[in-house]
1. What pairs from LYS133/LYS245; LYS47/LYS245; LYS193/LYS245; LYS47/LYS191 go past 23 Å between their alpha carbons?
2. What does the extension gain come out to for LYS324 and LEU98, with contour length at 0.36 nm per residue minus their alpha carbon separation?
3. Just order 338-344, 229-235 by mean Cβ neighbour count inside 10 Å, highest at the front, would you?
4. Among GLN205, GLY227, GLN250, pick out the residue whose Cα is farthest towards the positive end of the charge dipole of the range 60-265, where Lys and Arg carry +1 and Asp and Glu carry -1 on C-beta, about the Cα centre.
5. Using the crude model of +1 on Lys and Arg Cβ and -1 on Asp and Glu Cβ, and no other charge, please compute the dipole size for the range 60-265 relative to its Cα centre, in debye to 20.
6. When we measure straight from the Cα of LYS115, which aspartates and glutamates land under 17 angstrom away, once same-chain ones fewer than 8 places off are left out?
7. Over the range 270-376, what lengths in whole Å, largest first, do the semi-axes of the equivalent ellipsoid take, defined as the square roots of 5 times the eigenvalues of the alpha-carbon gyration tensor?
8. Across all directions of projection, what mean area in square nanometres is found for the Cα convex hull of the chain?
Amino acid sequence: MLFGETIRVALGALRANKLRSLLTMLGIVIGVSAVIAVVALGSGAAKAVNDRITALGTTLLTVNPGQARQGGVGFGGGSARLTMDDADALRERGEKILAVQPEMQGQLQVQYLNKNTNTSILATTANYLEVRKFEMSAGRFFTNTEDQTRQRVAVLGPTVVENLGLTNPEAILGETIRIRSIQFTVVGVTKSKGSAQSFMSPDDQIFIPINTGRFRVLGNNRVRSIGVLAPSEDDIDETMAEVQKILRRQHKLRPGRDDDFQIRNASDFLTVASETTAVFGLLLAGIAAVSLLVGGIGIMNIMLVSVTERTREIGIRKALGATKLNILFQFLIEAIVLCLAGGAIGILFGVGGALGFNRWAGFNTEVGMSSVVIAFGFSAFIGVVFGVYPARRAAGLDPIVALRYE
């Protein structure tokens with residue numbers, strides 16, 4: 001039996017049982033599409049996190065309060081504190097520091113006319129836009145003078161504007177809102193950072209001058225974090241050392257005692273985020289790949305049934321001169337064609353599903369060619385692996401026994 005004829009016979013057998021062939025491919029279709037869609041979701045999430053962290057600036061250092069510790073054991077009954085005095089010390093003594101941006105935070109009720117919302121109130125300095133890479137969509141940010149004189153001015157995030165019942169940011173400029181029953185004049189609205197799905201959205205917060213927040217709203221001297229700008233990426237390590245030295249002296253920490261604060265840079269956050277998303281991506285892709293194995297087992301079962309049904313046909317072909325290799329090759333082609341066709345259909349569904357998640361569900365997705373190639377190649381591999389046993393069983397049938405099979 002010629003090579004071309006063997007292929008035609010195999011394809012003819014699949015066409016003769018269209019419904020069975022489609023049902024057999026279903027497992028591969030689901031497996032390939034699931035792998036591509038899940039990997040696209042994971043890649044899109046990783047890219048979104050990386051872009052967001054990178055947008056903060058590669059020279060940004062963030063100082064957070066940590067637990068006071070001695071010899072690796074926490075003491076003092078809780079977390080250490082960062083205060084405005086620490087920010088002032090960094091601003092006055094830092095030689096490598098370009099900017100210092102402390103911030104206080106509280107979750108408070110905000111009222112505008114007959115609308116109200118509960119949102120994050122962020123008291124910070126006038127250089128917030130520079131340090132945190134924010135932009136304005138309407139109006140302006142408050143000034144250093146307004147901060148020093150404790151003016152009651154506020155800058156709203158776009159989500160807050162929507163929650164207050166407005167669609168046009170310009171409409172709220174100059175209007176009065178109440179924060180903890182204190183009147184504030186809205187002077188600006190920030191541009192969206194595109195992270196409405198995150199737990200703490202930068203779009204859902206109100207910015208007020210830090211001295212106003214410190215003395216009129218929040219009523220304390222404790223800061224949540226301090227942003228510090230290094231001159232360049234090459235100076236990050238030196239700037240971190242300088243910040244550590246200043247804060248240790250400010251907190252009167254003796255030699256040998258651990259720091260009661262943490263200094264993070266953008267690359268640290270990027271590394272942690274990348275590792276986390278990579279682990280979850282691999283986990284989800286592995287779960288999706290299980291369906292490919294299930295599809296392969298389904299193909300093997302159907303091919304075994306097909307061998308049983310076509311025992312007499314195999315016997316006739318062997319009697320007419322077909323060799324074991326011809327029979328082996330025929331059934332192997334059938335299994336591979338089923339997997340390749342299922343893989344091709346799965347690619348269409350997987351890519352379409354990923355694009356659908358992006359367009360209608362709002363998820364960040366990124367379809368990579370590598371995931372498509374791997375999924376398609378794996379489906380072909382499954383066709384070979386799970387098609388070998390039924391093909392060998394068919395090729396090994398004795399022609400006399402096969403002809404007598406009822």
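1. LYS133/LYS245; LYS47/LYS245; LYS193/LYS245
2. Computed gain between LYS324 and LEU98 is 73.5 nm.
3. So the order, starting with the most tightly packed, is 338-344, 229-235.
4. About the Cα centre, the residue reaching furthest to the positive side is GLN250.
5. The calculation lands at about 800 debye.
6. GLU162, GLU175, ASP204
7. With the √(5λ) rule applied to the range 270-376, the semi-axes are 42, 14, 12 Å.
8. 29.5
Laboratory data are not the source of any read-out in this text; all were calculated from the coordinates shown. Computed from a prediction, not measured in an experiment: that's the story for all the values here. Reconstructed Cβ throughout: ideal geometry from the backbone, glycine too, with neighbour counts over all protein chains shown.
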